[in-house]
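Inspection log for the structure reproduced underneath, given as structure tokens.
The values are calculated or read from the model by the stated rules, or taken from the named source; none is laboratory data. Fair warning: this is a prediction, and the values are worked out from it, not measured in the lab. Virtual Cβ from ideal backbone geometry, glycine too; neighbours counted across all protein chains shown. Each accessible area value is taken on the protein alone, full model and side chains, heavy atoms only, with ligands, DNA and RNA left out. Shrake-Rupley method; radii C 1.70, N 1.55, O 1.52, S 1.80 Å.
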Amino acid sequence: MKLRNILFLVAYAIALTAVSLWMGQVSYSWFPPQASAESLLIDKLFAFLVTLGTFIFLGITGVMIYAVVFQRAAKYDYSDGPHIEGNIALEIVWTAIPILLVFWLAGYSYYIYDQMAIRGATEVSPLPMMSGKTATVTPDEPNEAIEVLAKQWSWVFRYPENNVTSTELHLPANQRVRLALKSEDVLHGLYIPAFRVKQDIVPNETTNFEFTPIKEGTYRLRDSQFSGTYFATMQTDVVVESPEAYQKWLSEAAKRKPSPANNVAASEYAKQSEKAFKTGWPTIVPAEPPVVNYPT
Ligand SMILES: [Cu+2]
């Protein structure tokens with residue numbers, strides 16, 4: 001192989017790696033703010049996948065463009081290309097590399113999933129191809145399990161220790177949180193994009209779900225499941241505040257007399273049923289607006 005080609009390939013590989021690493025860094029800006037400990041892990045994994053994907057994509061398209069530009073047949077040359085029988089070594093290489101890559105991706109993703117420990121405390125031993133340092137992840141025991149009741153179409157959060165109910169999820173910053181997820185009717189999905197966590201909620205069972213909010217602020221919680229006509233209205237705010245502000249909110253909410261919360265689905269349904277034109281199609285009647293200490 002000519003020296004010039006080797007130098008070209010090396011230069012191309014270096015440029016490719018640089019662009020891929022840069023793209024991986026850029027991918028952090030595609031997401032909402034990192035508001036949970038889990039989001040740091042997820043974004044790292046995603047950036048790794050983007051880097052790898054960019055390297056493979058640019059690598060392959062680069063070779064194709066090179067072939068089209070520099071290996072084109074001469075004008076009026078309609079002869080066949082050289083007859084290539086196949087190359088065992090090459091075939092072993094281009095089979096082994098993807099296999100190793102897939103194992104690496106699977107191992108790394110599982111490692112990240114285990115670190116997140118979203119289904120409760122766990123101990124992680126390092127996978128051989130990782131940094132080798134022992135990462136014992138025993139997240140702090142959550143203070144209390146906040147009960148989450150999902151129904152068509154509203155969220156109700158209950159803080160059992162203070163007997164406070166709310167239609168807005170308040171959480172203390174930098175403390176492990178456990179949610180006990182329940183559904184009163186169909187499948188719903190608790191999804192907080194800023195925390196990069198999502199958990200389906202199955203009727204007739206309680207699903208424990210844990211994460212650690214790290215950034216004070218207000219974020220959006222959405223239903224990630226199509227739970228019927230008004231599923232898109234099944235949204236509310238997640239307020240992450242300092243532990244002091246959180247305790248203050250809890251004690252103030254506890255003093256409030258429960259009152260009905262605003263419920264978009266119920267009001268839209270009411271409007272719908274007032275309309276002259278009736279489709280006649282049966283639809284699920286939204287549950288009564290929740291009566292809570294802290295209605296939003
Ligand atoms: Cu829902």
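I'd like the projected area of region 3-92, averaged over all directions, using the convex hull of its alpha carbons. Report it in nm² with one decimal.
Computing the convex hull of the Cα atoms and averaging its projections yields 9.4 nm².
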> Which one of Asp43, Asp237, Asp77 has the biggest mean-square fluctuation once the chain is modelled by GNM with Cα springs under 10 Å?
Replying inline: Asp77
> Quick one: Debye curve from the C-alpha atoms of the chain, no solvent, what's log10 I(q)/I(0) at q = 0.09 Å⁻¹?
Replying inline: -0.64
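Calculate, in whole percent, how much of the Cα-Cα pair population of region 143-292 lies beyond 20 Å.
Across region 143-292, Cα pairs with separations above 20 Å total 49 percent.
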>> Loop by DSSP (not H, G, I, E, B), at most 16 other beta-carbon atoms within 10 Å: where is the longest site-free stretch of the chain for chymotrypsin sites (Phe, Trp or Tyr not before Pro)?
In response: 79-225
> Here are some pairs, Lys248/Lys271; Lys44/Lys255; Lys215/Lys271; Lys151/Lys248; Lys198/Lys248; which of them have Cα atoms lying more than 31 Å apart in this structure?
Replying inline: Lys248/Lys271; Lys44/Lys255; Lys215/Lys271
>> Within the chain, what whole-number % of the accessible surface is contributed by carbon and sulfur, with the 1.4 Å probe and all protein chains included in the calculation?
In response: 63
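Might you tell me the accessible area per residue for the chain, computed with a 1.4 Å probe and given in Å²?
Using a 1.4 Å probe on heavy atoms only, each residue of the chain averages 60 Å².
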